[in-house]
Amino acid sequence: MARIAIVGVGAIGGVTAALLQHAGHKLLLCTRRAMSGLSVDTPDGPVKVQETFVSDPSEVFEVDWVIVSTKAYDVAGAAKWLEKLCSNGAPVAVLQNGVEHRERFAPYIPMEQILPVMVDCPAERQTPERVRQRGVMHLKVPDNILGRDFVKLFAGTPADATTVPDFLSVVWRKLCFNSAGVLSALVLQPAGVVRGEAIGDVALQIIRECAAVARAEGANLEENVADVVLAAQRAAPADSVNSMLADRQAGRPVEIDARNGVIVRLGRKHGIVTPANTMAVALMEAMVLKA
C-alpha cells in the first residue's frame, strides 16, 4: 500500500482516485476548493471515494507518489502542493493533455522525478462532487523504473495501465485525437459535430498538421492517421463532451495552448505551416477573452 496524493480532483482525478482506492492505497486528495466527498459513476457501478480531502497546501504531508491531474494551464497552482508532498523525493506522475508534461513541471521539481502519463478516459465531471466515467481508463507511460512502479499502483484495478517503449509516438497520437476536439468547443456542440462533411474536412486538416509536426519531433505515426482518428471520433457517442467544450460551457479557461497551440509553436520551430490550427487557436483565444 502506498501513500498517494492526487492534485486536482476533476473528471480524470476523480476516476484515478476511485481506482487507487480500489487498489487499497491511502489517498490524499488535494483540491482548490473544499470538498466533502466524491462519487464516481463507473462502468461497474457507483463508487464513493472515502479518503482525506485537503484544500490548503500547508496541511499536506510527504507521500510516496504524487499524481497531478489538473488542467495544463494550471501548472503554477498545482506546483504549490509539491514542496511538502515531495519533501522525501516522491515522483510526480503528470496526467495532462499535450506533449509537454516534463517541460511544464521542470521549473518546480527535478526532471528525473517527473513521469509523463498519457491518459485516455471518457469521463465528465457532472457536479463538483460527482464524476461520470463512460469507459475504461487507459494509462500509458515510458518503459523505465518510474513507469513500471507507476503501473504497479493500479494492479488489480479495471484500469489499463501499461508501459510502452515508444512513449513519444503514443503521446503525439493522442494529441492527434485531442487536436480536432477544438472544433466541438468552438461551435459549442458535442462530439457528433464532426460527422458533418464540412466540419469533418476541417478536422482532417487539423489532425494532418498535428501529424506532420509529430513526425518532425520524431514520432512514428501511420500515414493515414488523420483518417483513422476521424473515423474513431465519428464512431464515438454523438453526445459525448470533451474537456475543452466542458470548460468553455462552464466559463473556465481552456487548454488551447496544450492541445493546439503547441502544434503551432513546434510547427514554426520545424518550418511547418499549420493554418488550420493557427486559426483555431486565434478564434478560441478571442472567444475566451470575450467571455
**Item:** Checking LEU19 against (1) surrounded by 23 or more Cβ atoms within 10 Å (Cβ to Cβ); (2) in a strand (DSSP E or B), the condition it does not meet
**Value:** (2)
**Request:** Of the numbered conditions (1) of a type in the set (D, E, K, R); (2) surrounded by 19 or more Cβ atoms within 10 Å (Cβ to Cβ); (3) more than 21 Å from the chain's Cα centre (by Cα), ASP201 fails exactly one; give the number of that condition.
**Result:** (2)
**Prompt:** Does any residue in the range 148-169 that is within 29 Å of CYS210 (Cα to Cα) come within less than 7 Å, Cβ to Cβ, of a residue that is in a helix (DSSP H, G or I) and open to solvent by less than 50 Å² (accessible area, probe 1.4 Å) six or more places away or on a different chain, and which pairs are these?
**Reply:** ALA159/LEU19; ALA161/VAL151; THR162/VAL151; THR163/GLY147; THR163/VAL151; VAL164/VAL170
**Item:** Exclusive hit being without any contact (Cβ under 8 Å) to a residue 40 or more places away in the chain and in contact with a strand residue (DSSP E or B) (Cβ under 7 Å, 6 or more places away or on another chain), set VAL9, VAL40, VAL47
**Value:** VAL47
**Message:** Testing ASP120 on (1) at pLDDT 95 or above; (2) in contact with a strand residue (DSSP E or B) (Cβ under 7 Å, 6 or more places away or on another chain), one condition comes back false. Which one is that?
**Reply:** (1)
**Item:** Matching residues, the range 54-94, being small (Gly, Ala, Ser), in contact with a strand residue (DSSP E or B) (Cβ under 7 Å, 6 or more places away or on another chain) and more than 24 Å from VAL254 (Cβ to Cβ)
**Value:** ALA90
**Asked** What is the one condition in (1) within 21 Å of VAL254 (Cα to Cα); (2) assigned to a strand (DSSP E or B); (3) basic (Lys, Arg) that ARG104 does not satisfy?
**Response** (2)
**Request:** For the range 249-276, enumerate the residues that are basic (Lys, Arg) and in contact with a Gly (Cβ under 7 Å, 6 or more places away or on another chain).
**Result:** ARG259
**Request:** Could you pull out the residue among PRO165, PRO158, PRO128 that is over 30 Å from ILE206 (Cα atoms) and at pLDDT 95 or above?
**Result:** PRO158
**Condition met for ALA34 (modelled with pLDDT of 95 or more, out of contact with any helix residue (DSSP H, G or I) (no Cβ under 9 Å at 6 or more places or on another chain), among the small types (Gly, Ala, Ser) and open to solvent by 20 Å² or more (accessible area, probe 1.4 Å))** = no
**Fill in**
Of the residues in the range 188-198, those that are open to solvent by 80 Å² or more (accessible area, probe 1.4 Å) and of a type outside the set (A, V, I, L, M, F, W, C) number 3
**Item:** the range 231-274, residues that are at pLDDT 95 or above, open to solvent by 60 Å² or more (accessible area, probe 1.4 Å) and in a loop (DSSP other than H, G, I, E, B)
**Value:** GLY271, VAL273
**Message:** Looking only at residues that are more than 16 Å from the chain's Cα centre (by Cα) and aromatic (Phe, Trp, Tyr) in the range 93-152, which one is surrounded by the most Cβ atoms within 10 Å (Cβ to Cβ)?
**Reply:** PHE150
**Message:** Here is a check on your reading of the model: is VAL164 β-branched (Val, Ile, Thr) and in contact with a Phe, Trp or Tyr (Cβ under 8 Å, 6 or more places away or on another chain)?
**Reply:** no
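The values are calculated or read from the model by the stated rules, or taken from the named source; none is laboratory data. Not measured: the values here are computed from a predicted model. We place every Cβ from the backbone using ideal geometry, glycine too, and count neighbours over all the protein chains shown. Note: accessible area is taken over every heavy atom of the protein model, side chains too, but ligands, DNA and RNA are not part of it. Shrake-Rupley method; radii C 1.70, N 1.55, O 1.52, S 1.80 Å.
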